[in-house]
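The structure under discussion appears below in the form of structure tokens.
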Amino acid sequence: MSRSKIFSLDNLSSQSIDEDAELIPLMTPEDEEAINREKLPEELPILSLRNTVLFPGVVIPITAGRDKSIKLINEANKNSKIIGVVAQKEDEDEDPNFDAINKIGVVAKILRVLKMPDGNTTVIIQGKKRFKITDPVAEEPYLVSKVESFNEIKPSVEDTEFLAILDTIKELSLKIIKESPNIPSEASFAIKNIESSSFLVNFISSNMSLEVDQKQELLEISDLKMRALATLKHMNLEYQKLELRNDIQNKVHSDMNQQQREYFLHQQMKTIQEELGGASHEGEVEEMRMRAKDKKWSKDVKKHFDKEISKLQRMNPQVAEFSIQRNYLDLFLDLPWNEFSKDKFDLKRAQKILDRDHYGLEDVKRRIIEYLAVLKLRNDMKSPILCLYGPPGVGKTSLGKSIAEALGREYVRVSLGGLRDEAEIRGHRKTYIGAMPGRIIQSLKKAGTSNPVFVLDEIDKIGNSHQGDPSSALLEVLDPEQNSEFHDNFLELGYDLSRVMFVATSNNLGTIQPALRDRMEIINVTGYTIEEKVEIAKRHLLPKQIKVHGIKKTDIKLGKKELEKIIEGYTRESGVRGLEKQLAKVVRNVAKHIAMEEEYNAKITNTNIEEILGSQKINLNSYENNDVAGVVTGLAWTSVGGDILFIESTLSKGKGNLNITGNLGKVMKESATLAMEYIKANAEEFNLDAELFSKYNVHIHVPEGATPKDGPSAGITMLTSLVSLFTQRKIKRNLAMTGEITLRGRVLPVGGIKEKILAAKRAKIKEIILSEDNKRDINEIKEDYLKGLQFHFVKDMSEVLEIALLKQKVAKAKQL
């Protein structure tokens with residue numbers, strides 16, 4: 001076995017070996033023909049090469065270190081000087097047999113054998129022609145095998161494509177020699193003087209920087225044209241790598257020159273600044289140390305700051321990390337570590353502020369006063385995590401400002417709607433480009449205290465993406481047991497959030513992560529009655545719009561009846577956001593008259609309202625249409641508060657099919673199926689002929705099909721509608737109901753009772769049927785909300801039908 005010296009296009013000049021240059025002439029076409037005419041011996045001693053492949057015509061030096069290789073070379077040098085050279089498959093194999101070497105090799109002639117000082121033998125060999133191993137003869141004292149010729153298929157002289165490939169190989173070789181700084185320019189003469197096409201391809205293949213197996217693949221291609229094309233592909237790749245390497249070196253060299261230039265300029269600028277009395281790098285560090293003396297830090301925080309500022313002091317101001325470290329320390333100094341505003345414990349004053357800013361919302365205001373009372377007595381209580389849950393426009397967000405004023409704390413608000421990146425909460429690691437702390441830490445820095453009232457707006461609208469789950473990042477923020485050591489990735493230290501009063505707002509609890517919802521105290525902020533809306537409009541909305549539009553209080557007068565008309569005829573909501581928009585239209589109309597110096601009546605009448613806002617948008621009379629059997633008024637909860645819906649059912653001749661329309665969800669469709677099955681099972685009780693169910697199709701429809709509807713609150717409504725249809729008994733007027741049923745006819749409780757009651761009052765409903773278990777919800781509602789309403793609490797469906805259906809029939813059910 002032998003180890004050859006590796007060649008590549010980077011050392012083409014090694015083809016000429018100093019004083020032995022006459023031994024290594026470039027192969028001409030005539031030399032190639034003479035070699036091809038030579039007869040191949042039947043047997044050849046086989047020399048295995050560890051890390052290169054010999055090509056025909058190419059001269060390479062080989063260092064032999066093992067006994068087998070040295071003995072083979074010495075005996076061959078004494079005799080014919082002809083040996084077979086084959087590349088072995090694995091470099092690590094120290095004593096390869098025939099299975100460990102390739103089958104295609106090159107017959108080589110020994111040109112010279114040199115004894116080296118280290119005891120190894122160096123032999124210079126030249127490839128002649130290729131051969132193929134057929135039958136092994138011996139493995140000792142070295143490998144000997146029978147061989148046969150592996151002839152080359154040459155293209156015709158007129159093959160223009162092959163000639164073009166050769167020209168391209170020469171051109172690309174010259175380009176590589178020119179681009180590579182390690183190849184002497186004299187190597188281009190060797191390429192230009194090669195006349196033999198076969199030798200040109202072999203010469204280039206031998207000197208390319210390829211793996212042994214890649215060179216072996218080239219050697220085994222018998223078709224010269226295909227071998228030339230494969231060689232050209234490898235050359236193209238090598239040229240591209242060379243270009244890329246040169247580009248990188250040029251850029252690095254340019255960057256280094258620019259960096260050195262900037263360094264000298266900065267040094268000069270630093271000297272000029274010091275001469276003029278300006279701040280230097282050391283001055284910045286000293287200024288930070290002076291600011292740090294006034295901070296109320298714990299020992300751990302102070303120790304961390306001292307370590308980081310020492311790191312800044314050791315840094316070169318010209319490196320990019322310097323500005324990152326400086327910004328990090330600026331944040332450290334700007335944060336209000338252990339700085340708290342003093343709470344105001346005047347509970348009567350706090351109650352006045354809450355009553356002044358918000359009409360109604362008694363539960364919320366009572367909870368805030370309770371919190372202040374406990375804080376006043378103990379003064380060490382961790383702040384609670386409140387979640388104000390309710391429809392839009394009821395004042396959840398603005399309530400946070402009032403809480404902050406009542407407590408005497410700073411007010412901070414962060415909108416979480418559409419937030420998709422976890423780093424917005426926890427921050428980025430400071431090593432990243434453009435890294436920033438999370439919104440929690442940024443907001444505390446802006447607030448200047450560590451105990452503000454922190455409003456997390458729209459917590460139910462947090463998104464989720466490949467960048468993490470922000471709602472999971474909030475788990476630590478909103479846990480009173482964990483947030484005393486909140487970890488921000490940018491800050492790299494725990495920050496105490498336990499004194500912060502977090503107030504979250506939400507429209508829909510269903511989209512909040514259960515673990516996050518469990519950490520918050522849910523306070524239901526329900527909608528307003530008409531009377532409350534009138535008061536809110538008089539106290540808050542109208543004065544606000546008067547101020548915004550630049551008119552005086554005496555320029556407009558809106559009475560209670562006019563406000564009620566706007567509320568009932570132009571808005572349909574639980575909150576007051578739509579009401580404020582309508583009031584803004586009225587105020588703008590007045591402002592227009594004043595600006596154009598036109599006469600107008602400051603007292604706004606109902607006629608003026610219709611002229612300004614148009615005809616009445618909402619007609620409440622249409623909500624009382626129970627004149628037809630099969631039509632029932634139900635109560636539903638929506639994301640914007642309570643609403644009423646009508647469930648209509650009708651019969652048509654058919655085969656007993658049940659059709660359900662109106663953009664209903666899965667739960668409501670199941671309720672309809674359940675109601676139908678209950679009626680079939682109790683047909684005798686309702687005095688119905690069982691044949692009706694097989695002769696007539698039943699169609700249940702809930703109007704406003706464009707609005708998706710779902711939920712377990714329409715079960716008794718659907719059952720009542722179907723019984724009314726089959727018995728042809730109409731429903732009592734001004735009656736609505738809500739509840740779910742079981743297959744046995746039990747009436748189950750539902751949620752959103754207050755919102756549904758407000759919707760019923762808006763629709764002039766007088767009587768409401770509820771489950772017996774919903775009685776506790778009614779007891780928690782203010783009596784003012786319940787005026788003018790009569791409640792029927794039921795346990796079984798038979799009670800519902802007894803209350804809802806009128807006694808007389810339009811027609812006998814059996815005559816349908």
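The values are calculated or read from the model by the stated rules, or taken from the named source; none is laboratory data. As the structure is a prediction and not an experimental result, all values here were calculated from the model. Positions of Cβ are backbone-derived with ideal geometry, glycine not excepted, and every protein chain shown enters the neighbour counts.
Below is a table of values for the structure above.
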item	result
Any hit, the stretch 353-366, residues being over 22 Å from residue 576 (Cα atoms), surrounded by 15 or more Cβ atoms within 10 Å (Cβ to Cβ) and assigned by TED's automatic domain parsing to the domain that holds residue 458	no
Test: residue in the stretch 182-189 that is assigned to a helix (DSSP H, G or I), surrounded by fewer than 19 Cβ atoms within 10 Å (Cβ to Cβ), in the same structural domain as residue 167 (by TED's automatic domain parsing) and not hydroxyl-bearing (Ser, Thr, Tyr)	yes
Test for residue 498: is it in the same structural domain as residue 449 (by TED's automatic domain parsing) and touching a Pro at 6+ places or on another chain (Cβ under 9 Å)	yes
Pair list, Cβ < 8 Å and 6+ apart or interchain, from the stretch 766-787 residues that are free of Cβ contacts under 8 Å to residues at least 60 places away in the same chain and over 21 Å from residue 740 (Cβ atoms) to residues that are surrounded by 13 or more Cβ atoms within 10 Å (Cβ to Cβ) and not aromatic (Phe, Trp, Tyr)	766/734; 766/735; 766/789; 786/757; 786/778
Some residue of the stretch 61-71 being within 19 Å of residue 205 (Cβ to Cβ) and either in the same structural domain as residue 151 (by TED's automatic domain parsing) or among the aromatic types (Phe, Trp, Tyr) (or both)	yes
Search result, residues across the stretch 115-150 that are modelled with pLDDT under 85 and in contact with a Ser or Thr (Cβ under 7 Å, 6 or more places away or on another chain)	115, 116, 120
So residue 798, is it over 17 Å from residue 636 (Cα atoms) and part of a helix (DSSP H, G or I)	yes
Condition broken by residue 360, with the remaining ones in (1) of a type outside the set (D, E, K, R); (2) closer than 22 Å to residue 478 by Cβ; (3) touching a residue at least 60 places away in the same chain (Cβ under 8 Å) satisfied	(2)
Residue among 415, 402 that is surrounded by fewer than 21 Cβ atoms within 10 Å (Cβ to Cβ), assigned by TED's automatic domain parsing to the domain that holds residue 516 and more than 30 Å from residue 322 (Cβ to Cβ)	415
Unique residue being more than 24 Å from residue 65 (Cβ to Cβ), free of Cβ contacts under 8 Å to residues at least 24 places away in the same chain and of a type in the set (A, V, I, L, M) when the list is 147, 157, 137	157
Single condition residue 235 does not satisfy, out of (1) surrounded by 18 or more Cβ atoms within 10 Å (Cβ to Cβ); (2) assigned by TED's automatic domain parsing to the domain that holds residue 104; (3) more than 24 Å from residue 34 (Cβ to Cβ)	(2)
Which listed residue, of 776, 729, is assigned to a loop (DSSP other than H, G, I, E, B) and of a type in the set (D, E, K, R)	729
The listed residue being part of a loop (DSSP other than H, G, I, E, B) and among the aliphatic types (A, V, I, L, M), out of 373, 435	435
Members of the stretch 607-617 found to be at pLDDT below 85 and closer than 19 Å to residue 542 by Cβ, listed by number	none
Residue tally, condition out of contact with any Ser or Thr (no Cβ under 8 Å at 6 or more places or on another chain), modelled with pLDDT of 85 or more and either assigned to a loop (DSSP other than H, G, I, E, B) or loosely packed, with under 14 Cβ neighbours inside 10 Å (or both), over the stretch 618-658	4
Evaluation of residue 327 against (1) assigned by TED's automatic domain parsing to the domain that holds residue 291; (2) more than 30 Å from the chain's Cα centre (by Cα) (one fails), failing number	(2)
Answer residue from the stretch 85-121, given it is small (Gly, Ala, Ser) and outside any strand (DSSP E or B) and is nearest to residue 133 (Cα to Cα) among those	100
The stretch 680-726, residues that are assigned to a loop (DSSP other than H, G, I, E, B) and within 52 Å of the chain's Cα centre (by Cα)	702, 703, 704, 705, 706, 707, 708, 710, 711, 712, 713
Residue 736 crowded, with 21+ Cβ neighbours inside 10 Å, part of a helix (DSSP H, G or I) and in the same structural domain as residue 657 (by TED's automatic domain parsing)	no
Filter result (farther than 22 Å from residue 756 by Cβ and basic (Lys, Arg)) within the stretch 559-577	560, 561, 565
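Every residue, every condition in (1) surrounded by fewer than 19 Cβ atoms within 10 Å (Cβ to Cβ); (2) at negative phi; (3) within 25 Å of the chain's Cα centre (by Cα), yes or no:
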position	(1), (2), (3)
463	yes, yes, yes
473	no, yes, yes
478	no, yes, yes
505	no, yes, yes
510	yes, yes, yes
513	yes, yes, yes
519	no, yes, yes
522	yes, yes, no
